[in-house]
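Visitor: Pasting a structure here, questions to come.
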Amino acid sequence: IYGCANQAGEDNRNVARMAALLAGLPVEVPGMTMILKAQELWVAAKRGDRAAVARLDAEIGTTLATDAPFVDAFVAAIVGDRKRMYAALARGVAAHDPWLPMTLTVFEFDPYRAEPEFVAFARAFAL
């Protein structure tokens, strides 16, 4: 389940997680809220539309790199850019990004979880 982030000043930032819980789904079912362009990129990646992935990644890359380490790592994982993914995760650890625990449940990170760099990241963030 995924959804768009709601506006500042509202009570809950993780709309998708709350929707899943309020719908009665078990707490083990992940819910992820992210910016709309990242959602579009995720859908394009799942469709295998490499041109759309490249376009969307270019459009949102700078914003993600500075404002949203987890989402930047998520996008990098989708496009297979390990160097960028690990750099984003390191920024997230340094900034104590509250979204980083999602790396343990979002399946786009599955191919990387056994890598020594990912294991080190999880330890650094105490996951």
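Visitor: For residues in the range 30-58 being surrounded by 14 or more Cβ atoms within 10 Å (Cβ to Cβ) and assigned to a loop (DSSP other than H, G, I, E, B), which is modelled with the highest pLDDT?
Guide: The selected residue is 49.
Visitor: Run down 84, 17 and say which single residue is under 14 Å from the mean Cα position of the chain (by Cα), among the basic types (Lys, Arg) and at pLDDT below 70.
Guide: After ruling out the rest, the residue left standing is 17.
Visitor: Continuing with this model, one more query. Test residue 94 against the criterion of being over 13 Å from the mean Cα position of the chain (by Cα), over 27 Å from residue 43 (Cα atoms) and not in a helix (DSSP H, G or I), and give yes or no. Before the answer, list the steps.
Guide: Numbers: over 13 Å from the mean Cα position of the chain (by Cα): yes; over 27 Å from residue 43 (Cα atoms): yes; not in a helix (DSSP H, G or I): no.
Against the criterion (over 13 Å from the mean Cα position of the chain (by Cα), over 27 Å from residue 43 (Cα atoms) and not in a helix (DSSP H, G or I)), residue 94 does not qualify.
Visitor: Would you say residue 6 is assigned to a loop (DSSP other than H, G, I, E, B), surrounded by 14 or more Cβ atoms within 10 Å (Cβ to Cβ) and modelled with pLDDT under 60?
Guide: yes
Visitor: I would also like to ask the following. When the residues of the range 101-112 are filtered to those that are within 18 Å of residue 83 (Cβ to Cβ) and surrounded by 13 or more Cβ atoms within 10 Å (Cβ to Cβ), which remaining residue is modelled with the lowest pLDDT?
Guide: 108
Visitor: Let me ask another. Restricting attention to the range 97-126, which residues are outside any loop (DSSP other than H, G, I, E, B), touching a Phe, Trp or Tyr at 6+ places or on another chain (Cβ under 7 Å) and acidic (Asp, Glu)?
Guide: 108, 117 - these are the residues of the range 97-126 that are outside any loop (DSSP other than H, G, I, E, B), touching a Phe, Trp or Tyr at 6+ places or on another chain (Cβ under 7 Å) and acidic (Asp, Glu).
Visitor: Among the residues of the range 65-76 satisfying the criterion of being open to solvent by 10 Å² or more (accessible area, probe 1.4 Å) and touching a helix residue (DSSP H, G or I) at 6+ places or on another chain (Cβ under 7 Å), which is modelled with the highest pLDDT?
Guide: Across the range 65-76, the extreme among qualifying residues is 69.
The values are calculated or read from the model by the stated rules, or taken from the named source; none is laboratory data. Remember, predicted model here, so these are calculated numbers, not experimental data. Don't worry about glycine lacking a Cβ; one is built from the backbone with ideal geometry, like all the others, and counts go over all protein chains shown. Surface areas here come from the heavy atoms of the whole protein model, side chains and all, with no ligands, DNA or RNA. Shrake-Rupley method; radii C 1.70, N 1.55, O 1.52, S 1.80 Å.
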